[in-house]
Amino acid sequence: MAMAVAEAPFSGDRISKRNFDKLARFIYDYSGIKMPPTKLTMLEGRLRRRLRATNHVTFDDYCDFLFHEDGLEQESVYLIDAVTTNKTDFFREARHFEYMQQVALPALAASGVRTVRTWSSACSTGAEPYTMAMVLEEFTEARSDLNYSILATDLSTDVLQTAQRGIYAEDLVQPVPRDLHRKYIMVAKQPGRREIRISPLLRSRVGFARMNLMDDKYPVGDAMHMIFCRNVLIYFDKPTQSAVLTRLCNCLVKGGYMFIGHSESITGFDLPLKQVSNTVFQRV
């Protein structure tokens with residue numbers, strides 16, 4: 001799930017407990033993200049930009065617009081964009097990509113798979129799916145009989161726009177190995193412009209779409225061979241984690257691989273998964 005939105009300076013206005021409870025309930029029902037009372041100040045900081053954008057002076061005015069004037073119909077996407085925290089890096093939790101390259105992809109190829117279908121289910125600003133693309137492109141480059149596809153989805157429209165552009169600050173791609181950097185990353189020609197862009201080849205291999213993991217079904221087409229759902233479950237309570245993981249498993253072929261974040265766990269859930277490496281699971 002892009003970088004945290006900077007908080008606006010304190011304006012003196014506060015969210016009332018009544019309105020905080022309404023906002024927290026809506027955010028949870030819509031996105032599964034928990035918003036305990038300790039997040040009140042953070043929420044105020046995130047929403048001040050939305051007050052300005054909608055021409056409301058106080059939080060009370062904004063909440064009246066949301067909950068009594070049917071404002072949620074037009075504002076819900078922007079509200080969720082404002083409160084989601086997105087942290088992403090290239091080759092984040094690098095052992096997952098080592099396992100993907102050294103174990104999962106060879107096993108899938110040996111089993112007769114000819115198009116490896118992969119899904120970054122909380123892609124944020126795109127570092128994860130583009131990292132997947134580098135690994136997949138390297139693996140399939142010399143194999144004329146093997147192809148791949150990458151679906152990248154996120155709840156936030158803001159981060160999806162950034163991901164589709166594929167333009168990043170230069171320091172964000174420092175974890176990318178040098179040989180992959182030369183092949184897949186374009187450096188700005190203008191002196192002093194510290195930006196890079198992902199190569200057209202990789203950008204063409206990733207399809208981006210907005211998707212809410214709280215939806216009852218995930219319209220991803222054919223079942224996936226690999227699903228990355230990393231560092232998202234930590235924002236959900238246990239019942240939501242269980243429901244999301246169950247739906248993800250329904251989108252995974254038997255023998256396919258599920259990757260979750262290193263700080264996450266599926267212990268206690270009744271899922272058709274067996275652990276094959278640290279925070280890597282295989283559908284049984």
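Only the coordinates and a few stated rules stand behind these numbers; no lab work does. Please read all numbers here as calculations on a predicted model, not as lab measurements. Cβ placement follows ideal geometry from the backbone for every residue including glycine, while neighbour counts extend to all protein chains displayed.
Tabulated data for the structure shown
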read-out: J(HN,Hα) series, the stretch 67-74, from Karplus relation 6.51 cos²θ - 1.76 cosθ + 1.60, nearest Hz, glycine and proline x; value: 9, 10, 10, 6, x, 4, 4, 9
read-out: Column: log10 I(q)/I(0), Debye, Cα scatterers of the stretch 150-198, q = 0.13 Å⁻¹; value: -0.36
read-out: FRET efficiency, residue 42 to residue 172 (Cβ-Cβ, R0 30 Å, nearest 0.05); value: 0.80
read-out: Neighbour cut-off at most 11 other Cβ (10 Å), DSSP loop, trypsin sites (Lys or Arg not before Pro), the stretch 36-92; value: none
read-out: Difference of contour (0.36 nm per residue) and Cα-Cα distance, residue 161 to residue 107; value: 16.0 nm
read-out: Estimated dipole of the stretch 98-189 in Debye, rounded to 20 [Cβ of Lys and Arg +1, of Asp and Glu -1, Cα centre]; value: 240
read-out: Helical mean residue ellipticity (222 nm; -39500 (n - 2.57) per DSSP H run of 4+; nearest 500) of the chain; value: -11500 deg cm²/dmol
read-out: Antiparallel DSSP beta bridges within the chain, percent to nearest 5; value: 40
read-out: Listed peptides 117-123, 152-158, 169-175, 61-67 by packing density, highest first (mean Cβ within 10 Å); value: 117-123, 152-158, 61-67, 169-175
read-out: All-pairs alpha carbon distance profile, the stretch 17-83, 10 Å steps from 0, percent; value: 21, 64, 15
read-out: Where chymotrypsin sites (Phe, Trp or Tyr not before Pro) fall in DSSP loop in the stretch 252-281, at most 15 other Cβ within 10 Å; value: 269
read-out: When the stretch 183-279 is reduced to its Cα atoms, the Kirkwood hydrodynamic radius in Å; value: 16.0
read-out: Gain in span if fully extended, residue 28 to residue 253, counting 0.36 nm per residue against the direct Cα distance; value: 78.0 nm
read-out: Residue 187-residue 238 pseudo-label distance in nm [points 7 Å out on the Cα-to-Cβ vector]; value: 5.2
read-out: ³J(HN,Hα) computed for each position of the stretch 112-119 - Karplus, 6.51 cos²θ - 1.76 cosθ + 1.60, integer Hz, glycine/proline x; value: x, 5, 10, 10, 7, 9, 10, 9
read-out: Of (1) 20.3, 63; (2) 21.0, 69; (3) 23.1, 79, the label for Rg and Dmax of the Cα atoms in Å derived from the coordinates; value: (1)
read-out: Violating pairs (Cα-Cα greater than 29 angstrom) within the set 217/254; 22/238; 34/254; value: 34/254
